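Asks: Please see the structure below; I have some questions.
The values are calculated or read from the model by the stated rules, or taken from the named source; none is laboratory data. Model, not experiment: these values are computed from the prediction. For neighbour counting, all protein chains shown are included, and Cβ atoms are generated from backbone atoms with ideal geometry for every residue, glycine included. What goes into the accessible areas is simple: the full protein's heavy atoms, side chains included, and nothing from ligands, DNA or RNA. Shrake-Rupley method; radii C 1.70, N 1.55, O 1.52, S 1.80 Å.
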Amino acid sequence: MSEKVHVPQEFRSYTDGQYFTENPFLAKDEFTIALVLYIDDFEVANPLGTSKLKHKMCAVYWVIANIPSKYRSTLSSIQLALLCNTSTVKECGYAKVFQPLIYDLKLLEQNGVYLEQLGASVKGTVLYVAADNLAAHSLAGFLESFTVDKFCRFCLASSRDTQQQEMAMEQKLTMRVIISEGDIRKMTMNPRPYILEDLISWLKGTLQTNYNFTLQYQDPEFNNELCNLTDLSELPDKPTVKIIPIIELVPVPGGSELCSDTGSQADTEILSISLDRSSQWPAVFEIPKFQVDVDYRLRQGNLQYFRDATFLKVTKELKHDILEKLAETMYAFKAYPTKEDFETVAKALVQTHPCLKETGSHSGWNGWKNSLKFKMGNYRTKMRQLGRLDVTVNGGKRRSDTTNGDPANTQIKKPKKGEINFLPDFPEGMTDQNMEVAREVLVNEMMKTKPRESLVKKEMDVTFAFRRKEIVNEKPAISQVVHRWPALFTENQVYYEFGRVVGKNLRENFLDALDNLSPSLMDLFKKKKGLTGQLLAELLYQTKTTEPTDVRCLCLRGLPVTLGDDPSAFFKTCFDTADNDLYRQTPVGLLFIGEENLKLNPSKVGIILEGNVVMDDLANLPQAFYVLFGLIYALHLDYPRYMKNTFCFVQQVMFNLGKSELPPKIQTLKNQLAV
């Protein structure tokens, strides 16, 4: 026997194959016998005479595969394992005929044979079975004749197919295509292309791209570093190919209005997640840098103001450039700024550039605020013409603006609860058809017992804009959303979706804010009198420990009582979720499952939306509450009337989302907690 020598990327013997290396019996370090079996039928009489098939024999031979290949074909190495009449095989079947041989093979695998020279028992097994076509067909249960209709055990082609079609297997190209960091696909092109242009054309058609691109591939000769692809012969067997978009610059008519001194933020990774905005409106609004000539004139005006208190004379062109840049910056945070936002920007403008103060205004910036309102409206019109979804959805407010004589659009859709990505645009190059394909991939993955979290998150990222468009515009029933977007009703994806919509961490922000307010809330509960005080006293009595979860449960149960909401319509209890008569009319609520009464800290909580339990495996009340809050944002739901004050408090006080002006009850409670 010769020693095993394994050379990477080379196949010298059966020991280099995948089946051998993955076989736990053969691939272990200790010596094992590998047997090769060969089966064949032969005639002992004249195969062409009258005795044809009468004395035909079936023989099984064995040879030890461990010895070098040049010795395996010698007669002294080939041994007979089994011999019987072929007619016996036909009559009794292979299972009966092979029974003694299989018994011996089991003994070889389990007990082995004792070798005196080694002083030990050596085990072994069958490495593979070899046979000619007729014997292989017979062994596998196929007809032995080659004149039958389906004569090939590999392709199962019929004889008619072979006469009318070319049966040679076409070579195909299977590749890993990197479209962007968030979109990497396995794709197969059949047949394999011969020139690079055919591959690029096929990719354009399959991906439905409307842009030009080149290709790079991972070259194994350079540690899989990316290289430009110029010839398909350079590709390895199963290549990794990356799409590199070609950025084409075209002149923009009337470019003075659209040009900016800021660099382009465009990235070649064109199919990454489409998030128009990544942060909330800033606490302190920073005035952006203007165009070079505008910045120079403002700098000179500020110097003149500090020297002799002279205000800058603002020309029409200068005012246009200033307002255009401010509107662009504001739009990056909000498409529909509030009155307070306009005031903040106008005030910040004159503080940064005091030469722009208005002498006729008591505040010095009131005129700038009014101008910003008009400019922001014009900027939204420009974005609407460019097709931006968050403003396009509100087009056609006047009948004259609508097409085909449609009625005026009176239903205005815009963020009301602090959403930064209310209706984001699709990723560049993606269409409704692409998104629907990605959605179907998501649904199929969620049908598995253990869906791949990475794949689910990637497809949820890619389809975010498509999902928001569907939910905000069409307002589908919750049951329909559960059917089309099952991943949205898992805890992790609720966290991710809330982050996509408002740019905040759902769990951390909620629990941190609740823990900070808990001491003040508990003190307030103890001071309350009357019927409210009695209800809060019962909740305090049920709180047996100072564990964080118990304290959080107390605060969440007491908060709606303090704010005058109706928690009995929100908190439901049942022994089994199948008994839906108790919550069928509940639009939004929490369900305590298997509890005899409304315990303060239930052991299992479900979420009710439109009379259906959409999630039923949440461990405690705080977790269920913030997951429900995230779902309200993800599904664009209104707060239930009977818990509106509580949810507004969570939104505006705990998460600091939306309007800064609070309703009276919430403002009063916030003042009491701040004392």
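Asks: Over 21 Å between Cα atoms: which of 504/572; 417/457; 448/572; 417/469 fall into that group? Write out the running numbers ahead of the final one.
Replies: Numbers: 504/572 29 Å; 417/457 25 Å; 448/572 31 Å; 417/469 17 Å.
Over 21 Å Cα-Cα: 504/572; 417/457; 448/572.
Asks: Let me ask something additional. Quick one: if you stick a label point 7 Å off each Cα along the C-beta vector at residue 154 and residue 130, how many nm between them?
Replies: In this crude label model, residue 154 to residue 130 measures out at 1.7 nm.
Asks: Kindly state, to the nearest 0.05, the FRET efficiency for residue 675 paired with residue 437, given R0 = 51 Å and r defined as their beta-carbon distance. Walk me through the numbers before you get to the answer.
Replies: Working: r = 57 Å, r/R0 = 1.11.
After rounding, the FRET efficiency stands at 0.35.
Asks: Taking Cα centroids, how far is segment 504-521 from segment 89-158 in Å?
Replies: 69
Asks: To continue, here is another question. For the chain, build the charge dipole from Cβ charges (+1 Lys, Arg; -1 Asp, Glu) around the Cα centre, then report which of 215, 191, 672 sits farthest towards its positive end.
Replies: The Cα lying farthest towards the positive end belongs to 672.
Asks: Of all the C-alpha pairs in segment 603-667, what % are more than 15 Å from each other? Walk me through the intermediate numbers first.
Replies: Values: 1155 of 2080 pairs.
In whole percent, the long-distance tail amounts to 56.
Asks: Let me ask something else. Give a quick list of GluC sites (Glu not before Pro) in segment 110-168 that DSSP marks as loop, anything other than H, G, I, E or B, with at most 11 other Cβ atoms within 10 Å. Present the calculation step by step, with values, prior to reporting the outcome.
Replies: Details: sites: 116, 144, 166; in loops: 116, 144, 166.
Here the GluC sites (Glu not before Pro) that fit, given the DSSP loop and packing criteria, are 116, 166.
Asks: Hey, another quick one. In degrees from 0 to 90, rounded to the nearest 10, what is the angle of the helix 366-385 Cα long axis to the longest principal axis of the chain?
Replies: Its long axis makes an angle of about 30 degrees.
Asks: Subtracting the Cα-Cα distance from 0.36 nm times the residue separation, let me have the gained length for residue 566 to residue 475 in nm, one decimal.
Replies: Working: separation 91, 0.36 × 91 = 32.76 nm, distance 2.62 nm.
Answer, rounded to one decimal: 30.1 nm.
Asks: Round to the nearest 0.05 the FRET efficiency obtained for residue 386 and residue 329 when R0 = 22 Å and r is the Cβ-Cβ distance.
Replies: It comes to 0.80.
Asks: May I ask you to rank 321, 512 by accessible area, largest first, using a 1.4 Å probe over the protein chains only? Walk me through the numbers on the way to the answer.
Replies: Working: 321 45, 512 90 Å².
Heavy-atom accessible area, descending, gives 512, 321.
Asks: With label points built 7 Å along Cα→Cβ from the Cα atoms of residue 16 and residue 546, find their separation and express it in nm.
Replies: Result: 7.2 nm between the two label points.
Asks: Let me ask something additional. Let me confirm the definition first: pairs of Lys residues in segment 13-115, 8 or more apart or on different chains, C-alpha distance under 19 Å. How many are there?
Replies: On the way: 28/106; 52/90; 54/90; 56/90; 56/96; 96/106.
Lysine pairs meeting the criterion: 6.
Asks: Tell me, what ³J(HN,Hα) does each residue in segment 460-473 have, in order and in whole Hz, if you take phi through Karplus 6.51 cos²θ - 1.76 cosθ + 1.60 with θ = phi - 60° and put x for Gly and Pro?
Replies: Working through the residues one at a time gives 5, 4, 5, 8, 4, 4, 4, 5, 5, 4, 5, 6, 6, 7 Hz.
Asks: Within segment 572-675, report the trypsin sites (Lys or Arg not before Pro) that DSSP leaves as loop and that have at most 16 other Cβ atoms within 10 Å.
Replies: Values: sites: 572, 584, 599, 604, 641, 644, 659, 665, 670; in loops: 584, 599, 604, 659.
Hits after loop and neighbour filter: 584, 599, 604, 659.
Asks: Also, I was wondering about something else. Quick one: net charge of residue 514's neighbours, Cβ under 13 Å, K/R +1, D/E -1?
Replies: Working: positive: 507, 552, 557; negative: 508, 512, 515, 550.
Summing Lys/Arg as +1 and Asp/Glu as -1 gives -1.
Asks: Also: So, in nm, how far is label residue 520 from label residue 313 when the simple model puts each one 7 Å beyond its Cα toward the Cβ?
Replies: Distance between label points: 5.3 nm.
Asks: At q = 0.10, 0.13, 0.23 Å⁻¹, work out log10 I(q)/I(0) for segment 521-643 with the Debye formula, treating every Cα as an identical point scatterer and leaving solvent out; two decimals please.
Replies: Here log10 of I(q) over I(0) equals -0.30, -0.51, -1.42.
Asks: Shifting gears a bit: For a paramagnetic label modelled at 7 Å from the Cα of residue 668 toward its Cβ, which residues of segment 550-570 fall within the zone defined by backbone nitrogen distances under 12 Å?
Replies: Zone members listed by number: 562-565.
Asks: For segment 78-124, count the residues as N, evaluate 2.2 N^0.38 Å, and divide the Cα radius of gyration by that value, please.
Replies: Numbers: Rg = 14.4 Å, N = 47, 2.2 N^0.38 = 9.5 Å.
Here the answer is 1.52, to two decimals.
Asks: Specify which residue in the list 383, 517, 611 is farthest towards the positive end of the charge dipole of the chain, using unit charges on the beta carbon of Lys, Arg (+1) and Asp, Glu (-1), about the Cα centre.
Replies: Ranked along the dipole, the leading option is 517.
Asks: Just going by the charge dipole of the chain, with Lys and Arg at +1 and Asp and Glu at -1 on Cβ, which of 9, 63, 570 is farthest out on the positive end?
Replies: 570
Asks: Moving to a separate point now. Compute the signed sum of charges (Lys and Arg +1, Asp and Glu -1) over the other residues within less than 10 Å, Cβ to Cβ, of residue 658. The partial results should precede the final answer.
Replies: Values: positive: 416, 417, 659; negative: 419, 661.
Result for the local shell: +1.
Asks: A further question on this structure: Looking at the chain, what % of the alpha carbon pairs are farther apart than 40 Å? If you can, show how the numbers build up before the last one.
Replies: Values: 132438 of 227475 pairs.
Roughly 58 percent, rounded to a whole number.
Asks: Using +1 on the beta carbon of Lys and Arg, -1 on that of Asp and Glu, and nothing else charged, what's the dipole of segment 109-228 about the Cα centre, debye to 20?
Replies: 340
Asks: Could you provide, to the nearest whole Å², the per residue accessible area of segment 119-218 with probe 1.4 Å? Before the final figure, lay out each step's value.
Replies: Working: 6340 Å² over 100 residues.
Per-residue value: 63 Å².
Asks: For segment 279-429, what is one quarter of the convex hull surface built on the Cα atoms, given in nm²? Could you put the intermediate results ahead of the total?
Replies: Details: hull surface 46.0 nm².
Mean shadow area of the hull around the Cα atoms is 11.5 nm².
Asks: At most 12 other Cβ atoms within 10 Å plus a DSSP loop assignment makes a site exposed; report the longest stretch of the chain without any exposed chymotrypsin sites (Phe, Trp or Tyr not before Pro). Before the final figure, lay out each step's value.
Replies: Numbers: sites that count: 11, 25, 146, 154, 194, 575.
Here the longest segment lacking exposed loop sites spans 195-574.
Asks: Can you figure out the FRET efficiency of residue 197 with residue 174, using R₀ = 22 Å and their beta-carbon distance, to the nearest 0.05? Show your work: numbers first, answer last.
Replies: Working: r = 20 Å, r/R0 = 0.90.
Result of the calculation: an efficiency of 0.65.
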